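All remarks here apply to the structure that follows.
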Amino acid sequence: MKNTGIAIISLVGGLIIGSALTMLFTPQSGPELRRKIKDSIDDEIDRVKNKLSEVEEQIEEARCRCEEN
């Protein structure tokens, strides 16, 4: 389980860094670029929070099943 968490964090970090680098190398104005970077980071944070909620639910379901047995 520990390796899975590390892999997910690495993947999300890579996505954020890749998105930011892509935006930095495209011709845009400063304020527009900052807004896009902020929006991308906010989207990734929301995705991570949603995935974390799903994992928490799965853990709780597994815990309940273990207690029943």
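What follows draws every value from the coordinates through simple rules; no lab data is involved. In this text the structure is predicted, and so the values were computed from the model without any measurement. Positions of Cβ are backbone-derived with ideal geometry, glycine not excepted, and every protein chain shown enters the neighbour counts.
Descriptive notes on the structure:
- Note on residue 36: aspartates and glutamates with a C-alpha under 14 Å away, same-chain residues under 8 apart excluded, are 44.
- When the chain is treated as a Gaussian network with alpha carbon springs shorter than 10 Å, the biggest mean-square fluctuation among 59, 41, 16 belongs to 59.
- The chain - charge dipole about Cα centre, Lys and Arg +1 at Cβ, Asp and Glu -1, debye rounded to 20: 460
- Within straight-line cross-link reach of residue 49, aspartates and glutamates at Cα separation under 14 Å, skipping those fewer than 8 residues along the same chain: 57
- Relative to the longest principal axis of the Cα atoms of the chain, the long axis of helix 2-24 makes an angle of roughly 20 degrees.
- Listed by chain and number, the aspartates and glutamates whose C-alpha is less than 18 Å from the C-alpha of residue 51, apart from same-chain residues fewer than 8 away, are 42, 43, 60, 61.
- Degrees between helix 30-68 axis and first principal axis of the chain (Cα, 0 to 90, nearest 10): 0
- Hydrodynamic analysis of the range 2-49 uses the Kirkwood radius over alpha carbon pairs. Inserted into Stokes-Einstein at 4 °C and 1.567 mPa s, it gives a translational diffusion coefficient of 112 µm²/s.
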